[in-house]
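See structure below.
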């Protein structure tokens with residue numbers, strides 16, 4: 001032992017370069033053997049060598065995954081862009097200085113003594129953080145000099161190329177378009193920027209395809225923020241896709257001026273998508289089952305029933321419909337078996353690698369290069385290349401490498417829910433699966449496979465539950481059962497769907513495969529619906545803040561470290577995170593326990609008013625919403641969850657009622673000391689007292705001047721039950737006269753303190 005450490009001390013260079021932490025540890029240890037043994041025993045326990053080897057192994061693991069270590073500063077720089085505004089000039093100067101320092105350190109060896117060797121390492125981390133910030137800045141198209149909103153003036157025409165195929169909505173077709181040219185002063189100027197288009201549904205709009213260039217008059221509006229409290233923030237969602245403006249195109253207000261201008265690989269992908277969809281529609285008897293097959297195998301979700309998607313979400317199997325690493329893994333297994341014979345000779349090993357990589361990325365092309373598929377494709381690419389070179393590869397390094405490459409190409413992917421879920425799930429499986437699987441050794445092959453799927457499902461769900469709470473506010477209680485049944489079924493569907501495509505030249509066999517596929521999908525959907533119908537299949541309303549989600553993740557990670565890696569200090573981390581989470585939820589509940597307020601919601605085409613008093617809530621809605629409350633629930637459900645009132649008790653606005661907290665008499669609402677009056681077409685009631693709020697509903701044919709003259713009120717509110725014509729007329733009058741009106745379609749829901 002003395003000889004070993006004497007060598008380290010007298011020859012510090014190799015160890016200091018490769019293992020600086022171990023070198024630092026050795027330099028500060030006593031030289032005598034007895035003293036070292038006593039110190040090691042006191043520090044690490046009786047099994048000195050085992051604990052020291054464990055320490056060295058952990059250090060070597062961290063040292064062997066450089067791409068994981070590089071991801072940390074890159075993500076830090078990306079997140080800093082949204083949190084802190086740093087002058088871009090300072091970043092360029094700082095990056096240049098750090099780069100010069102690193103180059104000088106490489107050229108002039110031993111520039112820093114060992115004591116100061118942390119300086120180059122810190123410089124690399126800072127340089128990558130600056131790179132992440134700069135990449136995010138450059139990715140933001142608003143900083144481009146030719147961004148279309150900078151060039152746009154009144155009466156401007158633009159040419160925009162569709163960046164994707166249109167998706168059908170209730171009365172429109174939606175698509176994202178790249179603005180390429182703007183007509184300025186009679187001449188076309190090159191432009192840039194993405195625009196969210198809503199095209200009125202007609203025969204021409206139904207024929208729109210990717211790569212077509214549209215000519216239309218620019219009348220873009222900023223993507224609106226959420227209009228109701230705690231509603232899904234569509235504005236932020238689109239901003240993180242680099243889209244800040246939207247426009248509605250009426251029928252005959254646009255025309256196609258060019259086609260086939262898209263990126264070549266996207267043209268190929270959409271062409272093949274049409275062929276695949278047509279094949280499934282032809283050979284699978286049921287159209288709905290054909291839509292499920294397209295979603296399960298290639299991620300084409302255009303034909304999916306929303307209720308079916310919701311059922312898959314409630315059972316914790318939605319990842320099956322969103323093509324993910326599971327599907328890429330299935331394809332990889334097939335490819336590895338097909339080209340296994342090429343692995344025998346060195347001359348054919350390279351050919352095998354080319355075939356597998358080409359097929360993997362061709363499948364990624366067919367799925368539209370979604371983040372989860374790209375992550376899996378990169379991971380398996382690293383594995384295939386390492387096998388070809390007969391090198392061992394770290395799975396953590398493969399994950400880190402794929403994340404690093406994806407974030408370099410699109411830094412905003414860090415905010416993509418699919419990106420977060422994909423990487424969290426695979427890390428959870430790698431980190432937890434083996435430890436859980438070793439808890440029980442099944443006797444049979446069948447039970448071994450059942451236990452394996454159960455362990456994978458549990459590991460993935462544990463790693464992603466915090467993200468699920470934060471974004472979706474729900475937890476599938478029967479996810480172990482549903483995944484145990486649906487994962488094998490989806491695997492068979494994937495194999496059979498690919499076989500069907502391979503059998504297209506033989507129609508009889510393709511028809512048989514289509515019938516089998518239809519039966520299998522029907523059975524799978526029946527299982528999903530059956531599990532979803534079981535009482536308490538899903539916990540809803542599990543709201544959590546971002547710090548709370550981090551705390552949940554910290555608790556789970558600490559428990560894993562304690563139980564499977566025997567890290568006793570992790571208990572204190574888990575307790576600290578648990579205390580923080582409990583405090584956060586307690587303060588949140590205390591904030592709303594004494595709430596007394598009313599809200600006039602932004603509800604297109606309808607009137608809806610909620611009354612929140614403590615933990616109770618009543619929703620007053622017009623007859624249309626009362627008959628079909630689904631649109632109401634979509635916009636207000638999260639408001640009830642976050643304010644700890646659960647669900648709203650729905651009551652019709654037209655019905656008079658009297659209770660201890662409120663009185664509804666025709667159009668007059670008396671809520672405690674507050675009086676709210678609904679002014680609509682059928683108003684006949686005379687009011688002689690002052691109102692706290694006057695709500696314009698159902699397009700009363702009165703001007704603002706007439707309203708101000710006839711009624712006395714503190715606040716005038718116009719909800720979305722009014723026609724667009726009447727709202728525009730009032731807005732123009734308010735702008736001309738200076739009369740104050742709260743338009744909920746622009747300013748959002750209005751809050752009245754009771």
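A few remarks follow.
- For the peptides 651-664, 415-428, the ranking by packing is 415-428, 651-664, with the highest mean count of neighbouring Cβ atoms within 10 Å listed first.
- The overall shape of the range 353-460, judged from the alpha-carbon gyration tensor, is prolate: a/c is not under 1.5, and a/b is greater than b/c.
- Global size of the range 158-270: 14.4, 45 Å for Rg and Dmax (C-alpha atoms, Rg to one decimal, Dmax whole).
- Cα gyration tensor, the range 624-734 - rounded (a/c under 1.5), prolate or oblate: oblate
- For the range 596-753, the share of DSSP beta bridges that are antiparallel, to the nearest 5, is 65%.
- Footprinting exposure proxy for 606, 435, 143 (fewest neighbouring C-beta atoms within 10 Å first): 143, 435, 606
- Ranked by the mean number of other Cβ atoms within 10 Å of their residues, highest first, the peptides 239-251, 80-92 fall in the order 239-251, 80-92.
- With Cα atoms, 0 to 90° folded angle of helix 417-437 axis to the chain main axis: 40
- Burial ranking of peptide ranges 699-708, 670-679 (average Cβ count within 10 Å, highest at the top): 670-679, 699-708
- Estimated from helical segments only, the mean residue ellipticity of the chain at 222 nm is -18500 deg cm²/dmol, where each DSSP H run of four or more residues counts as -39500 (n - 2.57).
- Centroid-to-centroid separation of the range 454-483 and the range 387-415 [C-alpha atoms, Å]: 24
- Crossing angle, helix 479-502 versus the chain [Cα axis fit, 0-90 degrees, rounded to tens]: 90
- Antiparallel bridges, percent of DSSP beta bridges restricted to the chain (to nearest 5): 75
- Dimensionless Rg ratio for the chain, taking C-alpha atoms and the 2.2 N^0.38 Å reference: 1.14
- Angle of helix 395-409 to the longest C-alpha principal axis of the chain, folded into 0 to 90 degrees and rounded to 10: 50°.
Values in this text are rule-based calculations from the coordinates and carry no lab data. What you are looking at is a predicted structure, and each value in this text was computed from that prediction instead of being measured. Neighbour counts are summed over all protein chains in view; Cβ atoms, including those assigned to glycine, are modelled from backbone coordinates with ideal geometry.
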